[in-house]
There are 2 protein chains.
Amino acid sequence: MNLPIGELSRRTAVKVPTIRFYEQIGLLPKPPRTEGNQRRYGKAEVDRLNFIRHARELGFEVDDIRDLLAMSAEPQASCHTADSIARNHLVEIERRIASLTALKGELTRMIDECGHGHICDCRIIEALADHSQCYGDH
Amino acid sequence: MNLPIGELSRRTAVKVPTIRFYEQIGLLPKPPRTEGNQRRYGKAEVDRLNFIRHARELGFEVDDIRDLLAMSAEPQASCHTADSIARNHLVEIERRIASLTALKGELTRMIDECGHGHICDCRIIEALADHSQCYGDH
DNA sequence: GATAGGACCTCTAGCCACTAGAGGATCAAG
DNA sequence: CTTGATCCTCTAGTGGCTAGAGGTCCTATC
């Protein structure tokens, strides 16, 4: 357990430059170095980075992750904050799913209606132009 | 129909700085100016910008939009490209929906399992850490 | 014709979360 | 001892805007 950055990368599926970037923005602590100035990581960093990656995949922002990591470091604290971060996030995800589902419907319709002929008959171009009246809904 | 940029913005729900940005990256042509150097737009620009906004809302990237605009400018061309841009986009959207739906399930479970007590019992932190083994699926 | 204040102008820099590339040092195997 | 993969730092670029500074123009009212 004295892993170079490439091995940490392999074990966490986080790219090497991204690991260095996370260190730079303070998401990962500065690890010890070899005499030749190369980073060496242990089990704790593998866990922490996996935590970070998973949270990023779930769509949490870096600031949220910072909060979550800080909380997990003090197990006596209330999990109220973690709960509300997750709840806010759930609302946002539901909103995104709804919006993407609507887009999917519209795209599918556009593709179905495309006559596969020339642009002048093509519903894709037309559909994009047609909706010039539906102003933003946010 | 000799609209200043603010009026174009109102009619298309695209913010003024964004309109100037679109001009800068070549999505919108450079409009004529008044003697005092202010932009003036006509009906064509309202349409074009509405097309752009709608395509952006549907999640098309600027490069895709550039292609779609170029195609719509030559109505005798085949719409094969428009079709494949839209199809690729649909695949991507379906992928995102599936992934967000999975995340939603996981977040819901996390929130349900959170004991509303202390971090040491909180499933939110744990759930994020737990999945340290599920490597990226892309 | 003067003036007020809103809308406009250009330009630079910042946002997020990375990603790419230059140019060089180090490490491990043969 | 050499090879070549991996590592280092540093700067700059990505996409799609957004914000702010510092100044000019337009139009309505007095």
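Here, each number is a calculation from the coordinates, and none is a lab measurement. All values derive from a computational prediction rather than experimental measurement. Quick reminder, even Gly has a Cβ in these numbers, built from the backbone with ideal geometry, and neighbours come from all protein chains shown.
Quick notes on this one:
- Likely footprinting exposure, A:97, B:52, fewest C-beta neighbours within 10 Å first: A:97, B:52
- By other beta-carbon atoms within 10 Å, ranking B:16, A:91, B:46 with the fewest at the front produces A:91, B:16, B:46.
- Residues whose amide H falls under 5 Å from that of residue B:41, counting only those 5 or more places apart or on a different chain, are B:3, with hydrogens built in the peptide plane.
- Cα centroid separation, region A:1-47 to region B:77-101 (Å): 37 Å
- In chain B, the beta-carbon sitting nearest the axis that superposes B on A belongs to the residue given here with its distance in angstrom, B:97, 3.
- Sparse packing (at most 16 other Cβ atoms within 10 Å of the Cβ) combined with a DSSP loop state is found for the following trypsin sites (Lys or Arg not before Pro) in region B:1-98: B:15, B:40.
- Net charge, residue A:3 excluded, C-beta distance under 11 Å - Lys, Arg +1, Asp, Glu -1: +3
- The GluC sites (Glu not before Pro) found in region A:1-93 that occupy coil by DSSP, while having at most 13 further C-beta atoms within 10 Å, are A:35, A:61.
- Cα-based values for region B:1-77, radius of gyration first and Dmax second, are 12.6, 40 Å.
- Lysines with Cα under 23 Å of residue B:30, excluding same-chain neighbours fewer than 8 positions away: B:15, B:43
- Each of B:107, A:3 was scored by other Cβ atoms within 10 Å of its Cβ. Arranged with the fewest first, they read A:3, B:107.
- Local electrostatic count, residue B:100, Cβ distance below 13 Å [Lys/Arg +1, Asp/Glu -1]: 0
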